[in-house]
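The structure appears right after this line, and notes come after that.
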Amino acid sequence: MTRWGIVSTVKAPAREILDFVAHHLDLGADHIWIYLDARNEKAQLALEAHPQVTVTRTDSSYWKANKKQKPPMHQVRQTFNAKHAYAQADNVDWLLHIDVDEFIWPQSNVSEILDALPQECLSARVYPSEAMSSDGVDDADPEVTWFKAWISGKQGRRAISRQLYPNYGDYVKGGFVSHVAGKLFARTRVQGIQIRIHKVTLDGVEVSEECTLQSMELLHLHITDWETWQKKFDYRHEKGSYRAELRTALPKHGVGLTIHQVFENISKIPGGMEHFYGEVCRATPQLRQRLDQHGLLRAYRLELDRKRKAYFPDFQAGPRTEIPKNP
């Protein structure tokens, strides 16, 4: 049977880290490599006790041992850590590099899905579905998370976006606030392979003959609620997924705008960010109906509390807002 693993660089509350790990162990992950980007004793102690998890605290001694200065950008640290894990991943056949707020959701057994890929396939892409917020939604089920599914360019993404989001469809790809590129599994034990964030390279050249995993989604919990989104916004806008150099928005009347510029413009309008959030990010009955009409509405029970308690029964969960300590 095909063996597979996960690598992730994380800076999050211990509960969220263990939710992430438990979810993927529950799916049958053979090994998970976690790189703690900030000191988090609670998460580290729990992870170190699990035989299928390798946890590494990326402190100054880690970077010194690897003969590197700590990269200032977290994207560079992520890529380096993925390379570090890939070099150790002889015990799995495929390695997937994802973030702590991303959860794969297969239609069948992950090992069987990967086992069916042709031998010449060196990377396999899983496309995202982005979570919507249920805050302020009267008919929300607390056990269910609603998602909007990925729309390919061939499906007429821009035209559909305009129908789904009358005010903002020209500015966000398929209504996604975060990436639409997805993430990739990389076949292990291949000389010259390197996993980056949204691509896999071979001898420095992007692997073009990748496979697409049609029977799997990458559930991206980029949006959970208004308060959390606002707390994370400034960092994302300056250094993260909304930073200036990323071109993740659609052009308007032939004039291209980055997602950074889109949010910069909206934030100057009184109440603009709340209006954007209400139309694009909140799972209102009206938006769910429009998504459903296009076959793009997803509703899943993630059961993260159950999974965390099953795999880490001794962990005492603190508040969800617990922040990991800086180095």
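The values are calculated or read from the model by the stated rules, or taken from the named source; none is laboratory data. Keep in mind that this is a model prediction, so the values were computed, not measured. Cβ placement follows ideal geometry from the backbone for every residue including glycine, while neighbour counts extend to all protein chains displayed.
Brief remarks on what is shown
- All of THR79, THR9 fail the test of being closer than 24 Å to LYS307 by Cα and of a type in the set (Val, Ile, Thr), apart from THR9.
- The condition of being over 22 Å from ILE113 (Cα atoms) and of a type outside the set (Ser, Thr, Tyr) holds for ALA46.
- When the stretch 51-76 is limited to residues that are among the hydrophobic types (A, V, I, L, M, F, W, C) and free of Cβ contacts under 8 Å to residues at least 60 places away in the same chain, the one that is nearest to ILE6 (Cα to Cα) turns out to be VAL53.
- Which listed residue is at negative phi, of a type in the set (S, T, N, Q) and at pLDDT below 95, from SER111, SER152, SER123: SER152
- Taken together, SER161, SER241 contain a single residue that is surrounded by 20 or more Cβ atoms within 10 Å (Cβ to Cβ), farther than 28 Å from ASP115 by Cα, among the polar types (S, T, N, Q) and touching a residue at least 12 places away in the same chain (Cβ under 8 Å), which is SER161.
- Taking the stretch 174-200 as the range and being buried (at least 16 other Cβ atoms within 10 Å of the Cβ) and among the polar types (S, T, N, Q) as the test, the residues that pass are SER178, THR188, GLN194.
- Of the residues making up the stretch 214-231, just one is charged (D, E, K, R) and part of a strand (DSSP E or B), namely GLU217.
- Count of residues meeting criterion [buried (at least 18 other Cβ atoms within 10 Å of the Cβ) and among the polar types (S, T, N, Q)] in the stretch 45-70: 2
- Listed by position, the strands (runs of 3 or more DSSP E) contained in the stretch 140-213 that have at least 2 residues being within 22 Å of ILE259 (Cβ to Cβ) are 145-149, 183-187.
- Residue within the stretch 2-15 that is surrounded by fewer than 22 Cβ atoms within 10 Å (Cβ to Cβ), among the polar types (S, T, N, Q), within 28 Å of SER123 (Cα to Cα) and touching a Ser or Thr at 6+ places or on another chain (Cβ under 6 Å) present: yes
- Filtered residues of the stretch 87-120 (kept if part of a loop (DSSP other than H, G, I, E, B) and crowded, with 16+ Cβ neighbours inside 10 Å): ALA89, VAL92, ASP93, ILE98, ASP99, VAL100, ASP101, LEU117
- Unique residue being assigned to a loop (DSSP other than H, G, I, E, B) and either out of contact with any strand residue (DSSP E or B) (no Cβ under 8 Å at 6 or more places or on another chain) or at pLDDT below 90 (or both) when the list is ASP292, ASP314, ASP305, ASP234: ASP314
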